[in-house]
Structure formats: structure tokens, C-alpha cells
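A short write-up of the structure that comes next.
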Amino acid sequence: MIKSLLLFSVFLLFSFTSFSQGLYTQTVRGQVIDKISSVGLPGVIVRLKNDSTKKFVATTDANGNFKIEGISVGRRSFIVSMFGYNTIPLTDIIVTSGKEVFLNIEMEESLVQMDEVVVNADEKKDLVTDMQAVNVKTFSIEETERYPGSRQDPARMASNFAGVQGTNDSRNDIVVRGNSPAGLLWRLEEIDIPNPNHFAVAGSAGGPTAIINNKYLANSEFYTGAFPANYGNALGGVFDLKMRNGNNQKHERTFQFGLLGTELSLEGPINKEKGSSYFVNYRYSTLKLLSGLNIKLGTSAVPQYQDGAFRFNFPTKKAGVFSLSAIGGMSTIKIILSTQTERPKELYGDLNRDQYFASQMGVAILNHAYSFNSRTFMKTSLAYSGQGLDVQHYLVLRDKDFKPNDTLPQILGYDFRETKATISWYVKRKINLKNSFKTGFLANAFHVNFYDEVKINSRYDTIAQIINDKSYKTRVDAHEDFYLLQPYFSFVHKFNEKWSTNLGVFAQYLTLNNHYVVEPRASIRYQFKVNQSLSLAYGMHSQMQPTYLYFAAPDSIVRDSRVYSNPGKTLDNKNMDFSKSQHAVLGYDYQISKFFRTKIEAYYQYLWNVPVYAVPSSVSLLNRGASFNRFFPIYTMENKGTGYNYGLEFTLEKSFSKHYFFLYSASVFDSKYTASNGKTFDTDFNGQYMMNLLAGVEYEVGRSKKNSINASTKFTYGGGKRYSPVDVAASNAVMDVVADNDKVNTLQFNPYNRLDIRIAYKINAKKASYEIALDLVNVMNTKNVLALSYAPDPANINADPLIKNYQLGFLPLFYVKVDF
């Protein structure tokens, strides 16, 4: 099936392609603004690098806008300069014939004039976060396409960075420095948003397929700890995403057909004179599309998902800039196993049930940006977001010949709805050349509507009518409103051209239980040479618990170390406090040469106030958030758990030049937690080491060198997944894996390793550009173990019910993209 689709894609590509051999050019436009005030800078000179004719140059107008026509297609470099500001070389800018290039450039006033140091076009942080150079990576969207195995997914792309684990093929969870992926904060356009992934479950921050689409993202930032004071409610990291504006001078379109989705993007001007623009994107599951055409896919469990986004931008002369943005997605899947009448060659978990799963997520954001003067900038955002889950499971009973029973009793059903209204406001001011500050707040109004019921069955429950007659156990039944208030303040001081510091404070107050926390943040940077710097950052960080857990009634409540049953469904965990952590990061950054850079970071993180059972147990919320299963406490939880993470990270990067690039990242670390039984265990995420090696080449081809072909590869090697000896009797009683309480995570699967290859061919025609790309994931078809699963054999009730689940084997992916 994949071979046929690939051949069809090649035909589709070349049916559109013009074979003219002319030299094609494109327009490069952009805006240059002051990094602090966000005011457009007039008089900035933008020129094409190595332009002997000196004709490809422009000067910005009163609003900082510029336009250079006639730039040849390919990778180009530009120099941006203005007296009194640091010169910015922009390298590796991809110019194609299908779309105009628009560059958003931020310039910083200089204390002294310095020689040229290469800064990629994607490095665009405001000054308040600029001094936080330690543990932050600013990435371009092109990287999500260039890195093999990333699937054009920003979350999977982030797994290439030092300190981030990427050892789960089925999900894009971001495990930062041994923290649970649930400790990640997703932010979009100044708003903290719900989990932006299809098929996401409550209490997680990842999923199998991203709703976020790189077609509409601008360059964004990824923090791996000790993040600045304008971020909060996160323990592990921050993914701060920005949306780009549509082209405000020319209508443009993008069509893409690939195995992971079929999509269309439209953008263009609403009013050219006023500079207003629109951008709209829609994507639909290709596999579901093919299934609807009666094309056999080899499985009945076809994922159906669709997502979309839009952004409308309206600049005004005196009232500032208004924009309206939104993203959202819906996903469903039906895993029907009751029709399977033959025993499979390998047993898999949850083979004993039919599953119906549906999820939704969306957020709409209204922004207003206003510059009071050349030194003061204000931004206000109003947003409304929501997420929902609707799930049912039906038990499949089989005889010893594997034939299913006609009656399928329902054993699980839940409906989770959570909405949030948010106002975000901040003002930043450049006091003078050496001092600036940023202050603001986020106010979040939550509304939750949760319901969950389940029937507890053992392996020996084999009569459908008896299971049907069982009563449901209600685990959650909640309808409530509450608020989360988050003010912050950050101050930057530059002592001189070498020393600078960033000081700040962030606070949170949760009205649900009246808990609050105040979090100091600080960093200092010493640039002792023009190409070398040392950074030290500290931060206290806290995070509220997954929302549904506040309303999950435990089976038993604990008072003064005594355990009592909870028939009245007392919400004993509603008073859980924030989990808290302290981060310390020491970094060394060395720009070895114009295109080579290395970075070393050492970190220590101490976690406390983590919810654990109020009775002796190995359970800790530090281990949750990386699977499709939700956690429901059976006892009262209290904030007495602790943990720690420490490690060393190394990055060596060669940015694209002379036809090639590479990135090597490696980390060694340790991640432990202490539970209520007083014992210290490895966390679920303590792989102890991780390494990624990426490399790629690109060459211009054709008579006029207007087309290009590139190939890249990635090798990943990391510590295997942690797992525990299993209490088989307890597992049989609940038909799920139950770990030995005293030996949690004492075992480890074999190391994870995977080799990916990517090949792409780009064609620049007269009025359009085309690209066909092939991603070969896990080329060696390595069998990496994911987890143990409970899958009893109905033919042998005394057989071991545990089996190993393996991750994805060889997976070829492709897409064809047309910009016109």
C-alpha cells in the first residue's frame, strides 16, 4: 500500500512540475524591531551577503519594514546593521520560488561595537529572556523538516536536544532531564494551552500525533530547566510556540499529501495598504481518507483525526496591532478485537477488550500589542481553551479456541471536559541601555466536568451476564469552577559588555484549595571572550497536579496512619499542594568558529512536596504522564514525596555550510525518587544515558542549480526502559500489571537504538516550488522493548499472563508538498 502511495505521489509531483531551466528568483521581505520595545527600527540596512553588485540591499522604512527583490533561489545569507545596534548576520535562509520569504528580525542596542559573530535567523528572543542563554534552545521550523524521524513534529524534533529522551516510538512525550513529561508547559502566543496532541489522555503532555503543525509556526523556544520568571506551572521544561502572520502582500497556497496527513494552507493580504493578513490551515488523516475509499490498510483500527488553525493580523496606525489566532483538533479510533477469531502469532496488551476513543482540543487567542513609545511595549491576550475525552471499553471473553463470546459487557466509560478562560498581560520597558524589566500576570478561570466509572474484574471472571450485573465503581464525578492566578516580574541588568544578570520572581495561587507559592529566579552570564561565555541559572518551580486528580475519590482515606473505607466518596485529595522543585544549571558556550559551536551544561534538580500515598507505598506522581493509562489513587495522597535529577550534557553542532550539517548531543544523568515507604527508587524515566548523532548533506542540482537534493541520517542510542518485577496474583485480580511494591524499577530493558534516514528532493519551478521527502524510520527494524503488558492466554489459564510489548518496527513515511 505504501509503495503504491509513493508512486502516486511521485506522479503527482512531476505532473505539476515545470522543466524549464531558467534562473528563478524570489522576494525577501521582513521587519526589523527593537528587541525590548518591539518598535520598528527605521534606517536599518539589510543586504545580501557576498553581493559583489551591491544591488541587493534595502533600508527599512519608518515602521522597520524592508523589501529586496530578485534574490536567487537556494540558501542565502544576509547582514543586518545599524549604528548603535549589534550587527546580525542571518545565515542559512532558504529561498524558494513558491513563496516569498519574510524575516522577523530583532536588534539589540550594543554597549560596545563587536566583530561579526554568526547568529542564526532563528535566534529571536526578547532581552528579558536573552540573558537566560543557559538551558534554552531557539529552533527554526526548518529543523522540524530537516531532522530524520521528526515527522514534522516540533515535539519529536526536540528529542534531538541534549537532556531530552526520545525512546518512545508510539508517543511524542518530551522527557526533560529525567522529569515526567507531564512536567512540561505548552505555551502558544503568551497563553498556556492544553496538551496539543491527538489521542491525548488526561494527565499527560504528549500523544501519538501532534495537533501543532509546522506550517503556521514561527521560530520558537524550548527551555530545559531554570526557565525565566515569565514561565510557571511546570517542573521540567517549557515549549514556547509562536504563530507566524500570513503574507500581507501576496496570496500564497501550500498543499501537502503524505502518509500522516493531507493538508491545505492558504494565506495572503486582507488589505495591502494597511498590512493586514490571514492564514488558514486544515489537515485530515490520510489513512482515514484512504479507508473511506475502500483501500485495504491491513487493520480495522484506522486513526481518524483532523486539525486546523487560523491567524488574522490587523496592524493599525495608532491603536497597535490586533490578531486573532486559533488551533484545534479532533481524533477518534475504534480498536475492535471482538471480530478477531484466530489466535495472533504474538499476544498484545488489552487484547481482551474493544476500545472506542475520542478526543478534542482547541484554543482561540485574541492579542493586542501596543507600543507607548520607543522604550515601552504592552501586550494583552484573551483566550478560551478546552479539551475533551469520551472513552468506552467492552470486555471480550473468549473460549480456549480463542472464539469470542457474543455478549460484550461494558467495563469502562468516562467523559472528561475541561475549559479555561485566560487573560494574559505584560509590559516591558527599556529603562536605559543597561536596564530593562518585564512584568505581567496570567489569570486562568477553569471549569471542569469529569465523570468516570469502571467495573473491576479479575482474570477468572468469565461469564458475561455476571459481569453485566456488576455495579460500576464511580471514580470521578465532578462539576466545579476555580481560578489559577500567576503574577511575575523580571529585571535584566547589563553591568558591562561581559557581565549581565537576570533576576525575577513568579507566584501562583490556586483558589481550589487556597494553596500558593512564590518562586525566585536568577541567572548570571559572563562573556569572557567574544565567542565564549559561562552561565549560571537558578530557579524554584512549582506545578499544580493533573486537574482530574483533585476530584478523584480514593477507595480508602487515611487519618493518623489509620485506613478507613470511603463509601461517601470524600474528595480527600482535593487539598493537594503544588509539587515543587529547585533547578541549578551551569553552562559553558563556545562558538568555535563561524559555523561550529559546542555547549556543555551541568545541572541539579531537587523535587519535594510531591504527592505520594499516606500509607507506605512506592507510588509517586513523579512517575505519571507517559502512557495511555490514567492514574487513580486508591488511598489519600499527601505532599511528602521527594526526588532528584542531576546530569551532564554535551552538544557539538555544525550549522549548515559547505553542503553539510551535523548535530551531536549526549547526556548522562541519574533520576531518583523517594516514596512514602521511605525507599528510594529509579524513576520511570531514569535511562541514565542518551545520545543522538545527526548529519546531513545538500547539493544544488540541475543545469542552473535551482533544485536541490538532500539526505540526512540520525542514530539514537539510550538507556532502556525501566520496569519492575510483577506481582502476578495481584495482576490477575485486576487484569492489569501490578508491580512488586518493594522492587519498583529495579529492572531495565536492553538499550534503545534506532537508525533513521531522510531523503528529500526540492524543485523550484517558475511560479511554484515542489518537494518530495521520504523518511525511513527504524531502518534496521530494531526490536526495542516498550513495556510489559498484561495479556493472558485464554487457552491456558495457568500460563504467564505477562508479555513484552515492542515498539515500532521499520516505518516508511513520505510526503509531497507544493508551494504556489
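The values are calculated or read from the model by the stated rules, or taken from the named source; none is laboratory data. This is a predicted model, so every value here is computed, not measured. Using ideal geometry, Cβ is built from the backbone for each residue, glycine included, and neighbour counts are taken over all protein chains shown. When the accessible area is computed, the model is the full protein with side chains, heavy atoms only, and any ligands, DNA or RNA have been set aside. Shrake-Rupley method; radii C 1.70, N 1.55, O 1.52, S 1.80 Å.
Among the residues of the range 694-714, none qualifies, meaning not one is within 22 Å of the chain's Cα centre (by Cα) and open to solvent by 60 Å² or more (accessible area, probe 1.4 Å). Taking first residues from the range 703-719 that are over 27 Å from N784 (Cβ atoms) and partners that are crowded, with 20+ Cβ neighbours inside 10 Å and among the β-branched types (V, I, T), the Cβ contacts under 7 Å between residues at least 6 apart in sequence or on separate chains come to K706/V73; N707/I763. If only residues of the range 353-402 that are of a type in the set (F, W, Y) and in a strand (DSSP E or B) are counted, the one that is surrounded by the most Cβ atoms within 10 Å (Cβ to Cβ) is F377. Evaluating K99 against the criteria (1) basic (K, R); (2) open to solvent by less than 40 Å² (accessible area, probe 1.4 Å); (3) in a strand (DSSP E or B) leaves one unmet condition, (3). Each residue in the range 209-249 was checked for being without any contact (Cβ under 8 Å) to a residue 60 or more places away in the chain and under 24 Å from S581 (Cβ atoms), and 2 pass. Among the numbered conditions (1) open to solvent by 20 Å² or more (accessible area, probe 1.4 Å); (2) part of a strand (DSSP E or B); (3) among the polar types (S, T, N, Q), tell me where N781 comes up short. It fails just one condition, (2). Those residues that are loosely packed, with under 15 Cβ neighbours inside 10 Å, of a type outside the set (S, T, Y) and in a strand (DSSP E or B), I need them from the range 486-533; list them, please. Of everything in the range 486-533, those that are loosely packed, with under 15 Cβ neighbours inside 10 Å, of a type outside the set (S, T, Y) and in a strand (DSSP E or B) turn out to be W499, V518, P520, F528, K529, Q532. Remark: pairs (first residue in the range 442-462, touching a residue at least 40 places away in the same chain (Cβ under 8 Å) and β-branched (V, I, T); second residue surrounded by fewer than 19 Cβ atoms within 10 Å (Cβ to Cβ) and not in a strand (DSSP E or B); Cβ separation under 7 Å; 6+ apart in sequence or on different chains) = V454/Y472; I456/V734. Here P554 meets each of (1) modelled with pLDDT of 95 or more; (2) open to solvent by less than 60 Å² (accessible area, probe 1.4 Å); (3) in a strand (DSSP E or B) with one exception, condition (3).
Kindly indicate whether any position in the range 434-455 is part of a loop (DSSP other than H, G, I, E, B) and modelled with pLDDT of 90 or more. Break it down stepwise before answering.
If we filter the range 434-455 for residues that are part of a loop (DSSP other than H, G, I, E, B), which is where we start, we get 434, 455.
Next cut, modelled with pLDDT of 90 or more only: 434, 455.
For the range 434-455, residues part of a loop (DSSP other than H, G, I, E, B) and modelled with pLDDT of 90 or more: present.
Taken together, the residues in the range 634-680 that are farther than 30 Å from R758 by Cβ, in contact with a Ser or Thr (Cβ under 6 Å, 6 or more places away or on another chain) and assigned to a strand (DSSP E or B) amount to 8. Scanning the range 81-105 for residues that are under 19 Å from K705 (Cβ atoms) and of a type in the set (G, A, S) gives S97, G98. Within the range 373-396, residues that are farther than 20 Å from Y548 by Cβ reach partners that are of a type outside the set (V, I, T) and open to solvent by 60 Å² or more (accessible area, probe 1.4 Å) with beta carbons closer than 6 Å, at six or more positions or on different chains, in the pairs R375/R429; T376/R429; M378/Y370; T380/W425; L382/L366.
For the structure I just gave you, tell me whether A666 is surrounded by fewer than 17 Cβ atoms within 10 Å (Cβ to Cβ), small (G, A, S) and touching a strand residue (DSSP E or B) at 6+ places or on another chain (Cβ under 7 Å).
It is false that A666 is surrounded by fewer than 17 Cβ atoms within 10 Å (Cβ to Cβ), small (G, A, S) and touching a strand residue (DSSP E or B) at 6+ places or on another chain (Cβ under 7 Å).
Can you find a residue in the range 557-567 that is over 21 Å from E601 (Cβ atoms), open to solvent by 10 Å² or more (accessible area, probe 1.4 Å), in contact (Cβ under 8 Å) with a residue 60 or more places away in the chain and within 33 Å of the chain's Cα centre (by Cα)? There is no residue in the range 557-567 that is over 21 Å from E601 (Cβ atoms), open to solvent by 10 Å² or more (accessible area, probe 1.4 Å), in contact (Cβ under 8 Å) with a residue 60 or more places away in the chain and within 33 Å of the chain's Cα centre (by Cα). For the range 574-610, the set of residues classified as in a strand (DSSP E or B), open to solvent by 10 Å² or more (accessible area, probe 1.4 Å) and polar (S, T, N, Q) consists of Q582, Q591, T598, N609, listed by residue number.
Residue-level check: of (1) surrounded by 21 or more Cβ atoms within 10 Å (Cβ to Cβ); (2) assigned to a loop (DSSP other than H, G, I, E, B), N796 misses just (1). N609 fulfils the conditions (1) of a type outside the set (A, V, I, L, M); (2) under 28 Å from the mean Cα position of the chain (by Cα); (3) closer than 29 Å to K494 by Cβ except for a single criterion, (3). Scanning the range 611-633 for residues that are touching a Phe, Trp or Tyr at 6+ places or on another chain (Cβ under 7 Å) and part of a strand (DSSP E or B) returns Y613, S620. For the range 21-37, filtered to residues that are open to solvent by less than 50 Å² (accessible area, probe 1.4 Å) and under 30 Å from I759 (Cα atoms), the residue that is modelled with the lowest pLDDT is G22.
Restricting attention to the range 684-693 and to residues that are open to solvent by less than 60 Å² (accessible area, probe 1.4 Å) and either assigned to a strand (DSSP E or B) or touching a Cys at 6+ places or on another chain (Cβ under 8 Å) (or both), the residue that is farthest from N645 (Cα to Cα) turns out to be N692.
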